[in-house]
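Notes follow the structure.
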Amino acid sequence: MHGIVVTYAQAASAAADISRYVADGVVVLDEVHHAAQDRTWGDGVQVAFAPAAVRLLLSGTPFRSDDNPIPFVRYTWGDSGEAVADFEYGYGDALAEGGVVRPVYFPRFDGHMEWVDASGALKEATFGDDVDRADWSARLRTALSPDGNWLPTVLSKADQRLARIRESHHDAGGLVIATDHEHAREISEILERVSRTAPTIVLSDDPKADTKIDQFSTTDDPWVIAVRMISEGVDVPRLRVAVYATTTTTALFFRQAVGRVARWTPGLAQQPAYVYVPDDHRLRGHATNIAVQRRHSIDRRPTSTREADPAALDDASEQMSLFAALSSSVLDEDWARDGLDPDEPTMRVTAEELIGHPFDLPPPPPLAGRSTLAAADALAELRGRFAGKRELRDRNADRVKTIARLLGWEHRAVNAELNRRSGVHRVTEATGSQLEHRLACADRWLDELAGQ
């Protein structure tokens, strides 16, 4: 048997020569979506391997965020439609078969972010707020800033999850996907404080990166932080928890990141994996698409819906601007119940917790010991109570914004002082009457400021 192994770049640069070797032969194009990295590669690969008698195209992510067609792939329409595969074996198929991939869950966290935009204007928003497209990236960058409270809080939650997993899966590991080198080092400082263990850092330009990955895969160290590494093609099956802390929001990158924790480990009866994500609407959409496959895997109803990625046109370059992340904090009431999901066999979720869950929930079952009608009435009552408390929390939040603007304080400082004045420990744990009392304390504070 005679054969050669070349990269896509080499194939494109020597297309005519290679085409003479492959005539009447068999060509295997691994991760073929890379062949469309640019038109030069795509056109060169097309010429190089066109004479082959048989071509086997392999890809775990057979789509692209740009419009460059993948060589030899058929599309439903034009070059920008859905890729048409001769054989598909997706996440849902593998999950239904068992012993191939893990069920992946997506704890996602809302937050309140403040930043100065590129023009120098002060802005604030939660992930649930409708902001201009130009502010999407700034809001996400602010949440992921190590100087705020959002990222340390989420890292702490992820570390707690990993610690629980390691009780039964003793060498289970966690992965944080960072935005850049400086970001990775700042995250490392936070994680070392949280976990009391120095994490491994793997950077894309580190000549020892591959060695560090190999070493981490064979140890029981809890955490590794990566920048443009440990993505496609890297196999570390002991990874069970990931924190998506990068500003890259394309569907392709997100799926590759999820794949790092989806590898099945033989010998473990149950091994759910968790990817902690900001509640950014783009990431929420990617997570939901995967969660739908997970839910339908047993029924063998894999979905094929895929919308165009709105982040595909994001400008990843850093331009000179006045942008600055000021503060960020997790909104506890939107923390996705720490990632618990009702179809996870080992979890406990109350009917009250089911109300207002962000996504990925089946209809709640009837409450124990009650008829379906009585259960529906009970859930309706809970919804009404939650709606009233949410209105009180919103009114409290409005007062906080006003007081913060008058005093020039950060929102978390105003919240802390209001909690002290009202005796409320946490807003999310407060009863309706406690929220009303806190609101009255805020009004008295505003009256004091008005009289000054």
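Restricting attention to the range 70-119, the residues being surrounded by 12 or more Cβ atoms within 10 Å (Cβ to Cβ), of a type in the set (A, V, I, L, M, F, W, C) and over 19 Å from the mean Cα position of the chain (by Cα) number 12.
Please verify whether Val224 is in contact with a Phe, Trp or Tyr (Cβ under 7 Å, 6 or more places away or on another chain) and not hydroxyl-bearing (Ser, Thr, Tyr), treating the condition exactly as stated. So Val224 fits the description; yes. Under the condition of being part of a helix (DSSP H, G or I) and over 18 Å from the mean Cα position of the chain (by Cα), the residues counted in the range 129-139 number 3. For the residues Phe216, Phe254, the requirement of being buried (at least 20 other Cβ atoms within 10 Å of the Cβ), on the phi < 0 side of the Ramachandran plot and either free of Cβ contacts under 8 Å to residues at least 40 places away in the same chain or not assigned by TED's automatic domain parsing to the domain that holds Leu283 (or both) singles out Phe254. Within the range 183-200, does at least one residue satisfy the condition of being among the aliphatic types (A, V, I, L, M), surrounded by fewer than 20 Cβ atoms within 10 Å (Cβ to Cβ) and closer than 29 Å to His34 by Cβ? No, the conditions are met nowhere in the range 183-200.
Filtered by the rule that a residue be touching a strand residue (DSSP E or B) at 6+ places or on another chain (Cβ under 7 Å), of a type in the set (Gly, Ala, Ser) and either assigned to a strand (DSSP E or B) or at pLDDT 85 or above (or both), the range 70-103 gives Ala83, Ala94.
Residues of the range 140-185 being part of a helix (DSSP H, G or I) and more than 25 Å from Gly128 (Cβ to Cβ), which ones? Asp159, Leu162, Ala163, Arg164, Ile165, His181, Glu182, Ala184, Arg185 - these are the residues of the range 140-185 that are part of a helix (DSSP H, G or I) and more than 25 Å from Gly128 (Cβ to Cβ). Against the test of being more than 21 Å from Phe109 (Cβ to Cβ), modelled with pLDDT of 90 or more, in the same structural domain as Thr247 (by TED's automatic domain parsing) and of a type in the set (A, V, I, L, M, F, W, C), the options Ala198, Ala158, Ala163 yield a single qualifying residue, Ala198. The residues on offer are Val45, Val32, and the sole one that is more than 18 Å from Ala85 (Cα to Cα), touching a Phe, Trp or Tyr at 6+ places or on another chain (Cβ under 8 Å) and not basic (Lys, Arg) is Val45. Test Tyr276 against the criterion of being farther than 22 Å from Gly92 by Cβ and under 16 Å from the mean Cα position of the chain (by Cα), and give yes or no. Taking the combined requirement at face value, the residue satisfies it. Quick check on Val28: is it surrounded by fewer than 18 Cβ atoms within 10 Å (Cβ to Cβ), assigned to a helix (DSSP H, G or I) and among the hydrophobic types (A, V, I, L, M, F, W, C)? Here the answer is no, as Val28 does not meet what is asked.
Given the condition surrounded by fewer than 18 Cβ atoms within 10 Å (Cβ to Cβ), in a loop (DSSP other than H, G, I, E, B), out of contact with any helix residue (DSSP H, G or I) (no Cβ under 7 Å at 6 or more places or on another chain) and in the same structural domain as Thr265 (by TED's automatic domain parsing), answer yes or no: does some residue in the range 222-234 qualify? Yes, there is a match, as at least one residue in the range 222-234 is surrounded by fewer than 18 Cβ atoms within 10 Å (Cβ to Cβ), in a loop (DSSP other than H, G, I, E, B), out of contact with any helix residue (DSSP H, G or I) (no Cβ under 7 Å at 6 or more places or on another chain) and in the same structural domain as Thr265 (by TED's automatic domain parsing). For the range 1-29, the set of residues classified as over 19 Å from Thr40 (Cα atoms) and among the hydroxyl-bearing types (Ser, Thr, Tyr) consists of Tyr21 only. Within the option set Leu122, Leu151, being closer than 23 Å to Asp280 by Cβ and either within 18 Å of the chain's Cα centre (by Cα) or buried (at least 23 other Cβ atoms within 10 Å of the Cβ) (or both) holds for one residue only, Leu151. Which one is nearest to the chain's Cα centre (by Cα) among residues in the range 402-438 that are polar (S, T, N, Q) and over 23 Å from Ala125 (Cβ atoms)? The qualifying residue nearest to the chain's Cα centre (by Cα) is Thr431.
Scanning the range 405-428 for residues that are of a type outside the set (Gly, Ala, Ser), at pLDDT below 85 and over 17 Å from Glu391 (Cβ atoms) turns up Arg405, Leu406, Glu410, His411, Arg412, His425, Arg426.
Reported count of residues in the range 35-57, each being assigned to a loop (DSSP other than H, G, I, E, B), modelled with pLDDT of 90 or more and surrounded by fewer than 16 Cβ atoms within 10 Å (Cβ to Cβ), is 3.
Pairing each residue of the range 409-429 that is in contact (Cβ under 8 Å) with a residue 40 or more places away in the chain with any residue that is surrounded by 12 or more Cβ atoms within 10 Å (Cβ to Cβ) and of a type in the set (Lys, Arg), provided the two are 6+ apart or on different chains, yields C-beta distances under 7 Å for Val427/Arg393.
The values are calculated or read from the model by the stated rules, or taken from the named source; none is laboratory data. Owing to the predicted nature of the structure, the values given are computational and were not obtained by experimental measurement. A quick note on method: Cβ atoms are made from the backbone with ideal geometry, for glycine too, and the neighbour counts reach across all protein chains shown.
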